[in-house]
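The values are calculated or read from the model by the stated rules, or taken from the named source; none is laboratory data. Every value quoted in this text rests on a predicted model; they were computed, and no experiment measured them. Positions of Cβ are generated from backbone atoms using ideal geometry, with glycine treated the same way; all protein chains shown enter the neighbour counts. In case anyone asks, the SASA skips ligands and DNA or RNA and just uses the protein heavy atoms, side chains included. Shrake-Rupley method; radii C 1.70, N 1.55, O 1.52, S 1.80 Å.
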Amino acid sequence: MVINTYKFYCEARKKIGRDALYLLEYASGYDKAEILAGKEIDIKDETYNNINSLIEKRENGEPLQYLTGRCEFFGLDFEVGEGVLIPRADTEISVEEVLKLCPENAKIADLCSGSGCIAISVKKNKPNAEVYAYEISDKAITYLQKNAKINNSDIKIIKADVLKDPKEKDFDIIISNPPYLTNEDMQNLQQEVTFEPKSALYGGEDGLDFYRAITKNAVPMLNPGGLLVYEVGYDQAEQ
Ligand code: GLN
């Protein structure tokens, strides 16, 4: 069937805003400029149905990044999907701080690594650092491995429960963006976030379980003078 890409985009935009452009680009194989130029394209029924089903899923709150399977973080490309937390732009601040504080050949651990966005971004910018990524979820580890490969990143991926397992020692920096939402937060999630794994979001009743456990376990992992860097919720800094 023949569609006018721009007209199609305008209709879809009424339902899901500008995300329509990304989904259309992803599913049609035409780039944004071509779509906006209003190209008449002949597409297979299968592609047409696929585009409509993606628009419907987005309308039902499924995150754009899960639908396209991609997310950009710190200028790098990451593969994501159900079972792994979508990297957030806020987390780039933690990466920037670590890069400022980090000697070139530091030994660094990223705890609760998820997609690997922190570990891989740090390694990309400090190629001589030795970077370990710890993660418990098998699904997340699958993405972590793919993302290390996509980004040609020579990080060490280790399956571990940071709440329990004793780990490798002699780190100069430990960084973590652990799950930190409270019971109350979990009752009031934005619709998109309900598609993300609870295990990557929920930090116990007061949201601080991982900070308590990691702070206790991490100290013996650090070299004297080592640094522990956390991302925390907007209202958790004092605690
Ligand atoms: N560290 C990963 C990130 O920043 C995963 C965090 C998590 O699963 N809570 O995206």
- Using beta carbons and a limit of 8 Å, which pairs, at least six apart or on different chains, have the first residue in the range 31-53 and closer than 10 Å to Met1 by Cβ and the second one open to solvent by less than 80 Å² (accessible area, probe 1.4 Å) and of a type in the set (Phe, Trp, Tyr)? Ile41/Tyr30
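Please determine whether any residue of the range 214-231 is exposed (fewer than 14 other Cβ atoms within 10 Å of the Cβ) and of a type in the set (Asp, Glu). Before you say what the answer is, go through the steps one by one.
Step one: filter the range 214-231 for residues exposed (fewer than 14 other Cβ atoms within 10 Å of the Cβ), giving 216, 219-220, 223-225.
If we keep only those that are of a type in the set (Asp, Glu) too, we end up with none.
Within the range 214-231, not a single residue is exposed (fewer than 14 other Cβ atoms within 10 Å of the Cβ) and of a type in the set (Asp, Glu).
Would you mind stating whether Glu130 is touching a residue at least 24 places away in the same chain (Cβ under 8 Å) and within 15 Å of the chain's Cα centre (by Cα)? It would help to see each step written out before you state the result.
Numbers: touching a residue at least 24 places away in the same chain (Cβ under 8 Å): yes; within 15 Å of the chain's Cα centre (by Cα): no.
When the stated conditions are applied, Glu130 does not pass them.
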- Do the conditions hold for Leu67, that is, is it away from the ligand (no atom under 14 Å from the Cβ), buried (at least 16 other Cβ atoms within 10 Å of the Cβ) and modelled with pLDDT of 95 or more? yes
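Scan Pro197, Pro178 and give me the residue that is of a type outside the set (S, T, N, Q), within 17 Å of the chain's Cα centre (by Cα) and surrounded by fewer than 18 Cβ atoms within 10 Å (Cβ to Cβ).
Details: Pro178 fails: surrounded by fewer than 18 Cβ atoms within 10 Å (Cβ to Cβ).
Being of a type outside the set (S, T, N, Q), within 17 Å of the chain's Cα centre (by Cα) and surrounded by fewer than 18 Cβ atoms within 10 Å (Cβ to Cβ) holds for just one of Pro197, Pro178, which is Pro197.
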- Task: Identify the residue in the range 207-239 that is within 16 Å of the ligand (Cβ to nearest atom) and among the acidic types (Asp, Glu) and, among all such residues, is farthest from Val98 (Cα to Cα).
- Result: Asp209
- Task: Name the one entry in Asp77, Asp42 that is surrounded by fewer than 22 Cβ atoms within 10 Å (Cβ to Cβ) and in contact with a Cys (Cβ under 9 Å, 6 or more places away or on another chain).
- Result: Asp77
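May I ask you to list the residues in the range 194-206 that are within 12 Å of the ligand (Cβ to nearest atom), in contact (Cβ under 8 Å) with a residue 24 or more places away in the chain and not in a loop (DSSP other than H, G, I, E, B)? It would help to see each step written out before you state the result.
Filtering the range 194-206 down to residues within 12 Å of the ligand (Cβ to nearest atom) leaves 196-203.
Next, only the ones that are in contact (Cβ under 8 Å) with a residue 24 or more places away in the chain stay: 196-197, 199-201, 203.
Passing the criteria: Ser199, Ala200.
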- Note on the structure: Filter the range 116-136 for residues that are touching a Lys or Arg at 6+ places or on another chain (Cβ under 9 Å) and hydroxyl-bearing (Ser, Thr, Tyr); the one that is nearest to the ligand (Cβ to nearest atom) is Tyr134
- Query: Checking Ser94 against (1) more than 13 Å from the chain's Cα centre (by Cα); (2) more than 10 Å from the ligand (Cβ to nearest atom), which test does it fail?
  - Reply: (2)
- Residue pairs meeting the criteria (Cβ under 7 Å; at least 6 apart or on separate chains; first farther than 17 Å from Gln65 by Cα, in the range 85-97; second near the ligand (Cβ under 10 Å from one of its atoms) and in a loop (DSSP other than H, G, I, E, B)): Ser94/Asn177; Ser94/Glu231
- Subset of the range 134-172 (residues that are open to solvent by 70 Å² or more (accessible area, probe 1.4 Å), of a type in the set (S, T, N, Q) and in a helix (DSSP H, G or I)): Gln145
